[in-house]
1. Criterion first (of a type in the set (A, V, I, L, M), surrounded by 15 or more Cβ atoms within 10 Å (Cβ to Cβ) and over 42 Å from the mean Cα position of the chain (by Cα)) does residue 214 satisfy it?
2. Condition (residue is on the phi > 0 side of the Ramachandran plot, in the same structural domain as residue 456 (by TED's automatic domain parsing) and either modelled with pLDDT of 80 or more or not charged (D, E, K, R) (or both)) applied to region 426-434: is it met by at least one residue?
3. Can you tell me which condition residue 273 does not meet? The list is (1) over 23 Å from residue 172 (Cα atoms); (2) assigned by TED's automatic domain parsing to the domain that holds residue 168, and all the others hold.
4. In region 36-45, which residues are under 18 Å from residue 95 (Cβ atoms) and not in a loop (DSSP other than H, G, I, E, B)?
5. Which numbered condition in (1) more than 52 Å from the chain's Cα centre (by Cα); (2) surrounded by 13 or more Cβ atoms within 10 Å (Cβ to Cβ) is the only one that residue 47 fails?
6. Being in a loop (DSSP other than H, G, I, E, B) and either of a type in the set (A, V, I, L, M, F, W, C) or assigned by TED's automatic domain parsing to the domain that holds residue 259 (or both) narrows it down to one of 146, 177, 161, so name that one.
7. Just one of (1) in a helix (DSSP H, G or I); (2) at positive phi trips up residue 169, so point out which.
8. Show the residue pairs that are 6+ apart or on different chains and have beta-carbon atoms under 9 Å apart, the first residue being within region 420-448 and within 12 Å of residue 460 (Cα to Cα), the second being modelled with pLDDT under 70 and surrounded by 10 or more Cβ atoms within 10 Å (Cβ to Cβ).
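The values are calculated or read from the model by the stated rules, or taken from the named source; none is laboratory data. Small disclaimer: the values here were computed from a predicted structure and weren't measured. Please note: Cβ atoms are built from the backbone with ideal geometry, for glycine as well, and neighbour counts cover all protein chains shown.
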Amino acid sequence: MIEGLAPEASSGGNVPEYSVSEISGAIRRTLEGTFGRVRVRGEITEFKRYPSGHLYFSLKDERGKISGVVWRGSVSRLGLAPENGLEIIATGKISAYGERSSYQLVVERMEYAGEGALLARIERLRLKLAEEGVFDAERKRPLPLLPRVIGVVTSAQGAVLHDICTTLSRRFPRPVLVWPVAVQGEGSAAQITAAINGFSALDGHGGVPRPDVLIVARGGGSLEDLMAFNDEAVVRAAAACSIPLISAVGHETDTTLIDFASDRRAPTPTAAAELAVPVRTDLLAELGHRGARALGALSRMMQTARLRLDRAAAALPDLPGLLGTARMMLDDRGRRLDVALPGFVQGRRAALVGVERHMPAVATLLSARNTRLALLGSALQTGLRQAFQRQEARLVRLRISPAPLAALVRERRAALAGVGGQLEAVSPQAVLARGYALVTAGGQPVTSARGLKVGEDVVLTFGDGQRDAVITRKKPAKTEQTTLEL
């Protein structure tokens, strides 16, 4: 007999009779009382997230499967993000669901089932992000030589922050801007993601300066402790960060996915601080050494230039000597010019005299020219006289007798008078002089009364002048008559 059940009397025999709700409630009490709080290991499958916030899934192994549920109030305390294919250890209690006659595991907490499952999950995520190009070398940016401000994302209570600050103070003191986060446990991945994105979003114009380099660090721990830095959101935030990022998670042998996405990986937080800033004394020594080398090189250059200048000066002639020589040459040329100029003038004068002796006298030349001119003038007068005589003889040959010419003129005048009379007889002006008038409209003569319109302006031309008129129409009883008004 099941505990808590009271069988009803049955007329059918000794077999007890129960209601369905009684059987379901008894089974539920038996399961919860027998198992209590349990830990179940299995692979998540059939995972679903409902709008109500509850999570439903199944846990399976090689020989069985059990349904599981996470109520909305327990989701934030699970410890990891469940997904299909993830092997976990679920902590909770066994309960029955009477309406479906099924039992299920009510999960309150989850943890990864050993390092093998964690490593497999990390490897799957690594391959996925690598295919997307998140880890490409072309995305890596160089670190600044001497950052003005250094941002640190780490826990405020651990020794990591102390080691970083101590190393920075020892090597080259720089302002440190700390964003404290939880580096393991529930919600750590979300805090680290928010810190990286928050530093990346700073513009430096407000009260908070923008770091020139960012360090994401934590101390060593187990694989489960470092899982926050293997979270996909953290890795993507590190890859998308606009500030050069140094990852320093765990010890030298620890490797997380953020190391692949960061611009530089440091084996320890101390090494990250050493990568962020140089040693101040080394820089001063290097600057001093380079300054000394620059001064030495400048000195050698000046010495070389001075030697070249001395050599050039030695190769130049003596300037006073050059001036003296030039002055002596000038005096010599002056004396030679004083001696040579009179002789040159005398020679030219002698040559001119010789030429003059060979030239004929001016009077002789003028006499010859005058004689030639007289001959040409005489020939011209003779030619003109002969030409005049030839033209006069031609005119004499062409001269006509006056009597026939007068008769021809009278004949031509009579013919012209006859033609003029005929022209005068047909002249419109002669017709107008007899009392007729010429009607014109728009500069054209009017030949028909039908072509005139009432009110149209016309011009009447008489023998002694013109008058303007307007066309009017009168309508007698039988005929229509057009009249003019002057």
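1. Working: of a type in the set (A, V, I, L, M): yes; surrounded by 15 or more Cβ atoms within 10 Å (Cβ to Cβ): yes; over 42 Å from the mean Cα position of the chain (by Cα): no.
No; evaluated as a whole, the condition is false for this residue.
2. no
3. Status for residue 273: all satisfied but (1).
4. Looking only at region 36-45, we keep the residues that are under 18 Å from residue 95 (Cβ atoms), and these are 36-40, 42.
Residues satisfying the conditions are 37, 38, 39, 40, 42.
5. Exception for residue 47: condition (1).
6. On the way: 177 fails: in a loop (DSSP other than H, G, I, E, B); 161 fails: in a loop (DSSP other than H, G, I, E, B).
Checking each option against the conditions leaves just 146.
7. Status for residue 169: all satisfied but (2).
8. 439/484
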